[in-house]
Amino acid sequence: MARRVRIPLVQHSSLRRRARYRRVLWTGAELLVTAGVLVLLLVAHQLWWTNREARDGAERKVEALEREWGGGASGDGDADSGGGVGGDSSGSDSGSGSGGPGGGRSGGSSADSSSGTSPRTTPRASQAYAVLRIPRLDLRVPVAEGTSRQKVLNKGYVGHYTHTQQPGRAGNFAVAGHRNTHGEPFRYLNRLRKGDTVEVETRDATYTYKVDKILPRTSPRDSGVIQPVPRSLTSPAYGYTLPGHYLTLTTCTPEFTSRYRLVVWGKLVGAVPRG
């Protein structure tokens, strides 16, 4: 007698469920891979492309200013408006992430009569009007009026805190710059040491400051560091008590964050009029 063989029945509903399950898994995997690629592209854009673009633009602006001054032309610079206190972070740095403490105002705009080499006119908002050089960092970067992220800091420039003094004048010439991305001109500001020189060149003169004090970390709201006589409000042991000709450099710290500010102070030690 022939032996009967039982053939199992396959439920079509089970096959459909398995097929749907596989499609869901496959679609989820594709979405995760796509999201990962987009994140990598975004990181590459922030860490590489924005730096390259901003550095190239900043270098072109430095060269344009030097040509303008050498030829005696009266160029207009950048005509952008804006420029409140704020701006760097890791993406930029202050305001909440741009480069320096917010809210500080520094009084006085009269020229220092002893130098005789003060800028002729007050720069317009976002106008690039000076070049900052730091030999130790092999850095040269334009200085623009104000600390607008979009119109100054994200272009790879250093921004002058509105209402602080101009280069060479009695008081405090205070600037901010990105620590990371968008040219990151102050990426290695923490490498400065007491005695290092910082030069600020304008249409009228070159001012040389010597690094004197460093505040490794303070609050973004510590407006005392950019006052005419700079002194930290959160760490009063850091700063000065007497009027003078000061330079203040600010940026975010630690790197890739905007939680705190790093502050470097210098004193004017020389001024050489142009021509």
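The values are calculated or read from the model by the stated rules, or taken from the named source; none is laboratory data. Computed from a predicted model, the values in this text were never measured in an experiment. Every residue, glycine among them, receives a Cβ derived from its backbone with ideal geometry; neighbour counts consider all protein chains shown.
With respect to T234, determine if the residue is of a type in the set (S, T, N, Q) and in contact (Cβ under 8 Å) with a residue 24 or more places away in the chain. Criteria not met by T234.
Total residues in region 165-193 satisfying the condition of being in contact with a helix residue (DSSP H, G or I) (Cβ under 7 Å, 6 or more places away or on another chain) and within 19 Å of A271 (Cα to Cα): the figure is 2.
Scan region 163-181 and give yes if some residue there is buried (at least 19 other Cβ atoms within 10 Å of the Cβ), at pLDDT below 95 and within 21 Å of R259 (Cα to Cα), otherwise no. The answer is yes; a qualifying residue exists. Note on region 50-78: residues that are among the small types (G, A, S), in contact with a strand residue (DSSP E or B) (Cβ under 8 Å, 6 or more places away or on another chain) and at pLDDT below 95 total 1. If a residue must be assigned to a loop (DSSP other than H, G, I, E, B) and not β-branched (V, I, T), how many such residues does region 192-218 contain? Within region 192-218, residues that are assigned to a loop (DSSP other than H, G, I, E, B) and not β-branched (V, I, T) number 7.
Screening R221 with (1) under 25 Å from A271 (Cα atoms); (2) basic (K, R); (3) part of a loop (DSSP other than H, G, I, E, B) gives one miss only, at (1). Only one of (1) in contact with a helix residue (DSSP H, G or I) (Cβ under 6 Å, 6 or more places away or on another chain); (2) surrounded by fewer than 23 Cβ atoms within 10 Å (Cβ to Cβ) fails for P243. Which number is that? Going through the list (1) in contact with a helix residue (DSSP H, G or I) (Cβ under 6 Å, 6 or more places away or on another chain); (2) surrounded by fewer than 23 Cβ atoms within 10 Å (Cβ to Cβ), P243 breaks only (1).
Each row is one residue, and each column tells you yes or no for (1) part of a loop (DSSP other than H, G, I, E, B); (2) of a type in the set (V, I, T); (3) out of contact with any Phe, Trp or Tyr (no Cβ under 9 Å at 6 or more places or on another chain); (4) within 18 Å of R274 (Cα to Cα).
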| residue | (1), (2), (3), (4) |
| --- | --- |
| L132 | no, no, yes, yes |
| A144 | no, no, no, no |
| Q150 | yes, no, yes, no |
| G159 | no, no, yes, no |
| Q166 | yes, no, no, yes |
| R169 | yes, no, yes, yes |
| N172 | no, no, no, no |
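Scan region 234-250 and give yes if some residue there is β-branched (V, I, T), on the phi < 0 side of the Ramachandran plot, assigned to a loop (DSSP other than H, G, I, E, B) and modelled with pLDDT of 95 or more, otherwise no. Yes, region 234-250 contains a residue that is β-branched (V, I, T), on the phi < 0 side of the Ramachandran plot, assigned to a loop (DSSP other than H, G, I, E, B) and modelled with pLDDT of 95 or more. Does any residue in region 1-29 that is loosely packed, with under 10 Cβ neighbours inside 10 Å come within less than 6 Å, Cβ to Cβ, of a residue that is modelled with pLDDT of 70 or more and not in a helix (DSSP H, G or I) six or more places away or on a different chain, and which pairs are these? Here the result reads none, with nothing in region 1-29 linked to a residue that is modelled with pLDDT of 70 or more and not in a helix (DSSP H, G or I).
Residues that are buried (at least 24 other Cβ atoms within 10 Å of the Cβ) and touching a Phe, Trp or Tyr at 6+ places or on another chain (Cβ under 7 Å) are absent from region 183-194. Within region 200-226, residues that are under 12 Å from Y238 (Cα atoms) sit with their Cβ atoms under 6 Å from residues that are among the basic types (K, R), at 6+ positions apart or across chains, in these pairs: D212/K267; T218/R261; G224/R231.
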